[in-house]
Amino acid sequence: MTGSPQRPAGPGEVLDVVVHGPVSDLGRDLIRRELPPDRFTVRFSDRADPDRPAVLAGCEAIVVDHAPLTGADFAAMPRLRLVQRLGRGPFDISAEIAAAHAHGVPFAHNRSGFAASATAEYTVLAMLALPRRLVEADGYVRRGGWGPDNRFDAATADLAGSTVGLVGMGRVGRQVARLLRPFGVTVRYASRRRLPAEEERALAVEYLPLPDLVATVDVVSLHVRATGPEPFRFDAALIDRMRPAAYLINTSRGPLLDQAALVRALTEGRLAGAALDVFDPEPLPADSPLHTLPTVILTPHIAGRTRQVAEMYYRCAVDNLVRLAAGEPLRDLVPPASVEEATCSS
């Protein structure tokens, strides 16, 4: 989305930028490299920063990730001209968006989908690792268990020949279907809106209603939005319909999945395993029973956060900051501002 032109910086003016929250070394280096000090003052801050009130008071543009900004934060930034959000994280940012607009501040949030490919790659990786019991076998060798009693010999399974069920067919679901083509699997999907017949043929996928899908596939992978007019929940009833030899993968959002029901199914042997990159809550509590289940792969919400994807997020933020300083139209603005669609590119 592209907004109306902003007031450009005058001769000798320097745009005061605050980068708020935890930032990787990659992000710090890129921001410092791409925003020249003669045109931008860049300060990194978080809620523990003792100088935070003074930092926010001078802020004209804030780049933020992780926890949302509060109403008090906006009140502390009287010079603010742009909120540039890097990502949403596992929380609702609707109040942050509303607060920005209430203060007359444009809110930009990249939604171009360039994390779709990375998330799809992770999903296929999990589909390969689960039936091959990769994590279990790795631990077995590390503990010195490999010997005449090799319990993994002829005890794993191919992905080829299996049936995969994709719940949701947006950017990520489509990309997963494309990546699965060489593996010799049957791909079925369930979605709120069925794809046109020509697209189903192009992706080599077969539509099934969700209850039928989960009961007939070897792997279920969730690719559904956590928010929207029709909230979705992969609940105990759906888990109970899955085959005992099936696997469940969630790379979308933790609240989509009934974790307690999943733990029960795994503990009782009614499900073969799972791969979870997202949880409810996050981070996963240390006392979660998921930690004790050997057939579960646990990762810290990184499916769509490769180095290349993170760099794209930061480059899009930098692009908007440069546009703000130059008085050019901003990209990826979120309504209710009157804006037109655009794609953030590097």
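The values are calculated or read from the model by the stated rules, or taken from the named source; none is laboratory data. Quick caveat: nothing in here was measured; it's all calculated off a predicted structure. Quick reminder, even Gly has a Cβ in these numbers, built from the backbone with ideal geometry, and neighbours come from all protein chains shown. Keep in mind that these areas ignore ligands, DNA and RNA; they rest on the heavy atoms of the full protein, side chains included. Shrake-Rupley method; radii C 1.70, N 1.55, O 1.52, S 1.80 Å.
Can you tell me which of (1) under 24 Å from residue 18 (Cβ atoms); (2) without any contact (Cβ under 8 Å) to a residue 60 or more places away in the chain; (3) not small (Gly, Ala, Ser) is the one residue 110 doesn't meet?
Here residue 110 clears every test but (2).
Restricting to the range 301-332, what's the tally of residues that are part of a loop (DSSP other than H, G, I, E, B) and within 13 Å of residue 34 (Cβ to Cβ)? Can you show your working first?
Here is the first cut: in the range 301-332, the residues part of a loop (DSSP other than H, G, I, E, B) are 301-306, 327-330, 332.
With within 13 Å of residue 34 (Cβ to Cβ) added as a condition, the list becomes none.
Residues that pass the stated criteria total 0.
So, in the range 256-281, of the ones that are farther than 19 Å from residue 224 by Cα and touching a residue at least 60 places away in the same chain (Cβ under 8 Å), which residue ends up surrounded by the most Cβ atoms within 10 Å (Cβ to Cβ)?
Of the residues in the range 256-281, the ones farther than 19 Å from residue 224 by Cα are 260, 263-273.
Narrowing further to those that are touching a residue at least 60 places away in the same chain (Cβ under 8 Å): 272-273.
On the way: 272: 21, 273: 23.
The selected residue is 273.
Of the numbered conditions (1) surrounded by fewer than 19 Cβ atoms within 10 Å (Cβ to Cβ); (2) touching a strand residue (DSSP E or B) at 6+ places or on another chain (Cβ under 9 Å); (3) at pLDDT below 90, residue 3 satisfies every one except a single condition; which is it?
Evaluating residue 3 over (1) surrounded by fewer than 19 Cβ atoms within 10 Å (Cβ to Cβ); (2) touching a strand residue (DSSP E or B) at 6+ places or on another chain (Cβ under 9 Å); (3) at pLDDT below 90 leaves (1) as the failure.
Restricting attention to the range 282-291, and to residues there that are open to solvent by less than 70 Å² (accessible area, probe 1.4 Å) and not aliphatic (A, V, I, L, M), which single residue is modelled with the lowest pLDDT?
Checked the range 282-291; the qualifying residue modelled with the lowest pLDDT is 282.
Can you tell me which condition residue 255 does not meet? The list is (1) closer than 23 Å to residue 285 by Cβ; (2) part of a strand (DSSP E or B), and all the others hold.
Of (1) closer than 23 Å to residue 285 by Cβ; (2) part of a strand (DSSP E or B), only one is false for residue 255: (2).
Test of understanding: among 47, 28, 33, which residue is loosely packed, with under 13 Cβ neighbours inside 10 Å and not in a loop (DSSP other than H, G, I, E, B)? Walk me through it before giving the result.
Details: 47 fails: not in a loop (DSSP other than H, G, I, E, B); 28 fails: loosely packed, with under 13 Cβ neighbours inside 10 Å.
Answer to the check: 33.
Would you mind telling me which numbered condition in (1) more than 30 Å from residue 173 (Cα to Cα); (2) modelled with pLDDT of 95 or more residue 134 fails?
Among (1) more than 30 Å from residue 173 (Cα to Cα); (2) modelled with pLDDT of 95 or more, the lone unmet condition for residue 134 is (1).
What single numbered condition from (1) open to solvent by 50 Å² or more (accessible area, probe 1.4 Å); (2) assigned to a helix (DSSP H, G or I); (3) in contact (Cβ under 8 Å) with a residue 60 or more places away in the chain fails to hold for residue 294?
Status for residue 294: all satisfied but (2).
Would you say residue 139 is open to solvent by less than 30 Å² (accessible area, probe 1.4 Å), farther than 30 Å from residue 85 by Cβ and outside any helix (DSSP H, G or I)?
Answer is no for this residue.
Quick one: count up the residues across the range 191-222 that are within 24 Å of residue 236 (Cα to Cα) and either among the β-branched types (Val, Ile, Thr) or in a strand (DSSP E or B) (or both).
Here the count works out to 8.
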